[in-house]
1. Check whether at least one residue in the range 240-256 is surrounded by fewer than 17 Cβ atoms within 10 Å (Cβ to Cβ), closer than 21 Å to GLY36 by Cβ and either more than 23 Å from the chain's Cα centre (by Cα) or not acidic (Asp, Glu) (or both), and report yes or no.
2. Collect the residues in the range 77-104 that are within 16 Å of the ligand (Cβ to nearest atom) and open to solvent by 90 Å² or more (accessible area, probe 1.4 Å), keeping them in residue-number order.
3. Taking into account only those residues within the range 208-239 that are at pLDDT below 85 and surrounded by fewer than 12 Cβ atoms within 10 Å (Cβ to Cβ), which is farthest from GLY66 (Cα to Cα)?
4. In the range 33-92, which residues are aromatic (Phe, Trp, Tyr) and part of a loop (DSSP other than H, G, I, E, B)?
5. Hey, among the residues in the range 162-171 that are over 30 Å from PRO219 (Cα atoms) and more than 12 Å from the ligand (Cβ to nearest atom), which one's most open to solvent (accessible area, probe 1.4 Å)?
6. What strands (runs of 3 or more DSSP E) completely inside the range 105-161 contain at least 1 residues that are in contact (Cβ under 8 Å) with a residue 24 or more places away in the chain, away from the ligand (no atom under 12 Å from the Cβ) and over 18 Å from GLN93 (Cβ atoms)?
7. Can you confirm whether the range 139-151 contains a residue that is under 30 Å from ILE73 (Cα atoms), small (Gly, Ala, Ser), touching a strand residue (DSSP E or B) at 6+ places or on another chain (Cβ under 6 Å) and open to solvent by 20 Å² or more (accessible area, probe 1.4 Å)?
Amino acid sequence: MSTYIGRFAPSPTGPLHVGSLLTAVASWCDARAAHGQWLLRIEDIDTTRCHAEAAEHIIRTLEHYGLWWDDQIVYQSQRHHYYQDALAVLQQQGDIFWCVCSRRELAETHSPIYTGHCRNHPHYRANAAARVLIPPNTSVTFHDAVFGEIRENIAQEVGDFVIYRRDGLFAYQLAVVVDDAEQGITHVVRGADLLDNTARQIYLQQRLLLPSPHYAHIPLVVNHIGEKLSKQTGATALTWDNANVQLWQALTQLGQCPPDTLQFEHCEQILNWAILHWQRDNIPKQFIL
Ligand SMILES: [Zn+2]
């Protein structure tokens, strides 16, 4: 029995595109090659940006590509009680403070790092954000399976970060840490746009006495001038009519060298080949379209 539990955790702000397919395929193959489970979590915590139709479209697309998941789909929007409990623990430990600084006030400090203005407010205040109090020189070192050893001084590079927003929404950083632990996730394979979030998440895991999963960040797809491929830079949604070719292309980009003839097979055959031949070490550090 494998102890590997992986996950794919898209935010339903729009349909999946080529970049998100790479991440999905990489995490799926990594889990399946290890005889592990692969869970699907819809990260719809930010209700101002996410919508149910996009979530449904993502789910149908994964099905169409043969990227089947284990267990029930989990929705962050239905898990506020878990995040509330974690926030209460952090509050009890003196790890957070309540910040009422407005966006304008924060901008006027001309500092990308929070200045600590509200640090002397450990007790709940209405219309306030909860920030994690980061002691000076707090740094986190972790190993990433693609990018190697990474060290980040959270105090200098991030500062006291928000885990509960002034608009009453839990922030992504808290939700993802709580969910990964609650779902027993052992391996996180996700896009490199989240690489610089990892130190913050590990810090929260440490404060909440939660285990840290293994991390592997899949390089972002960039265009020829180095822009991240996204809806804004012209990334197109995945189509359903040539899923097999797109899967084959994703495996090729992931450095897995699938044979040419495989692209004309059904998705299931392509993925079966991928499980048998998966080499995580072959994933390149950058993709260029
Ligand atoms: Zn403040």
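The values are calculated or read from the model by the stated rules, or taken from the named source; none is laboratory data. Just so it is clear, the structure is predicted and the values come from calculations on it, not from any experiment. So basically every Cβ, Gly included, is an ideal-geometry build from the backbone, and we count neighbours across all protein chains shown. Each accessible area value is taken on the protein alone, full model and side chains, heavy atoms only, with ligands, DNA and RNA left out. Shrake-Rupley method; radii C 1.70, N 1.55, O 1.52, S 1.80 Å.
1. Yes, because at least one residue in the range 240-256 is surrounded by fewer than 17 Cβ atoms within 10 Å (Cβ to Cβ), closer than 21 Å to GLY36 by Cβ and either more than 23 Å from the chain's Cα centre (by Cα) or not acidic (Asp, Glu) (or both).
2. Scanning the range 77-104 gives ARG103, ARG104.
3. ILE225
4. TYR65, TRP68, TRP69
5. Taking the range 162-171 as the starting set, the residues that turn out to be over 30 Å from PRO219 (Cα atoms) are 166-168.
Pick out the ones that are also more than 12 Å from the ligand (Cβ to nearest atom) and you get 167-168.
Working: ASP167: 90, GLY168: 34 Å².
Of everything passing the filter in the range 162-171, ASP167 is most open to solvent (accessible area, probe 1.4 Å).
6. Working: elements: 129-132, 139-144, 148-153.
Of the strands (runs of 3 or more DSSP E) lying wholly inside the range 105-161, those with at least 1 residues that are in contact (Cβ under 8 Å) with a residue 24 or more places away in the chain, away from the ligand (no atom under 12 Å from the Cβ) and over 18 Å from GLN93 (Cβ atoms) span 139-144, 148-153.
7. To start, the set of residues in the range 139-151 that are under 30 Å from ILE73 (Cα atoms) comprises 142-147.
Subsequent filtering for residues that are small (Gly, Ala, Ser) retains 145.
With the extra rule that they be touching a strand residue (DSSP E or B) at 6+ places or on another chain (Cβ under 6 Å), the set shrinks to 145.
Those left that are additionally open to solvent by 20 Å² or more (accessible area, probe 1.4 Å): 145.
Yes, the range 139-151 has at least one match.
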